[in-house]
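Trainee: Before we start, here is the structure in question, set down as structure tokens.
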Amino acid sequence: MEIPSFQTLELTVDDGIATLYLNRPDRMNAFTREMKDELIAAFDFTDTTDEVRAVIVTGKGRAFCAGADLASGGDTFDYKKRGGEGANPDDAHRDGGGQVALRIYRSLKPVIAAVNGAAVGVGITMQLPMDVRLAADNARFGFVFSKRGIVNEAASSWFLSRVVGISSALEWCFTGRVFNAQEAKERGLVRSVHPADELYGEAVKLAREFADQTSAVSIAAMRQMIWRMAGASHPMEAHRLDSATMKSRGGSEDVREGVNSFLEKRPANFPDRVSTDMPDCFEWQSEPPFKE
């Protein structure tokens, strides 16, 4: 397994757990176009590497991510002056945070945010498609868009209300205020709050629960089923997908091993792999094309 290297990120893999560090500590890990591209590439790696069973995202230094890098001043969000988001004309006015959020949404591995400090703007909206968020007791959060004259991005108009409900989503976006980890926990934005020096260890413990004695294919399929059905118009859509996926997996080697290990009272050793054995009833990696 060859782990890719990046300029704005650091990626490690230890016993099945990938840790993705936002690594611009001198700029409080502020988000740039290069970081956008590297985050997408990092999740491409974790998805296609069977040795990776779960992903932890955290920050180097005292921040998780302080939002967009504002070094360009008032032109920071002016797409015309910035020359667009990339060489592809279809990307010319796509929101970079949204491209990252959609890539995380499509992840086939569980994603845990270990919020080690300030998480503001895209620093919090990129976390919304992650599956679980843990926060250090000194973490701070802010949907500060109304105070910058812009709007919430990174597809957070879809994700945020699904995570915390419409009232909390709108209050935080309307006020643009920065709030602490305890409020984030009380309103369901984060799962738990920990002393800063214990945060990463708690994230690893949770990742181990995801990775140990579980089927990687089952987890990948369930992650996509639950996230995608969050936008379904009727439970019948979920019933159809559940039924097709159960049919596809019912005769798999993982199912035989899962049942036999239970009956034989021994740990399971699931043989199926995400790279080769995903159910064929669903386009697990598909994303609707971007259209103007």
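Please treat every number below as a calculation from the coordinates, not as lab data. The structure presented is a predicted model; accordingly, all values stated were derived computationally and were not measured. Here the Cβ positions follow ideal geometry from the backbone for every residue, glycine too, while neighbour counts run over all protein chains shown.
Trainee: Give me 134, 160 ranked fewest to most by other Cβ atoms within 10 Å of their Cβ, as a rough exposure proxy.
Mentor: Lowest to highest Cβ neighbour count: 160, 134.
Trainee: Is it possible to state the helix-based mean residue ellipticity at 222 nm for the chain, with each DSSP H run of 4+ residues giving -39500 (n - 2.57), the sum divided by total residues, to the nearest 500 deg cm²/dmol? What is it?
Mentor: -11500 deg cm²/dmol
Trainee: For the stretch 115-171, what does the alpha-carbon gyration tensor say about shape, rounded, prolate or oblate, given a ≥ b ≥ c as the root eigenvalues, a/c under 1.5 as rounded, and a/b over b/c as prolate?
Mentor: Oblate is the answer for the stretch 115-171, as a/c is 1.5 or above yet b/c matches or exceeds a/b.
Trainee: Say we join alpha carbon atoms closer than 10 Å with springs in a Gaussian network model of the chain; which of 126, 225, 35 then has the biggest fluctuation?
Mentor: 225
Trainee: Now for a different question. Each residue of the stretch 221-238 in order: what ³J(HN,Hα) in whole Hz does its phi give by Karplus 6.51 cos²θ - 1.76 cosθ + 1.60, θ = phi - 60°, with x for Gly and Pro?
Mentor: Computed from phi, the couplings for the stretch 221-238 are 5, 5, 4, 5, 4, 5, 5, 6, 6, 4, x, 5, 8, 7, x, 4, 4, 5 Hz.
Trainee: Rounded, prolate or oblate: which fits the stretch 24-73, taking a ≥ b ≥ c as square roots of the Cα gyration tensor eigenvalues, rounded meaning a/c under 1.5, else prolate when a/b beats b/c?
Mentor: Note, shape of the stretch 24-73 comes out oblate.
Trainee: Computed over the Cα atoms, what is the radius of gyration of the chain divided by 2.2 N^0.38 Å, N being its residue count?
Mentor: Rounded to two decimals, the normalised Rg is 1.02.
Trainee: Could I ask something else about it? Just order 236-243, 248-255 by mean Cβ neighbour count inside 10 Å, highest at the front, would you?
Mentor: 248-255, 236-243
Trainee: How high is the FRET efficiency from residue 230 to residue 148, r the C-beta distance, R0 25 Å, rounded to 0.05?
Mentor: In this case the efficiency is close to 0.35.
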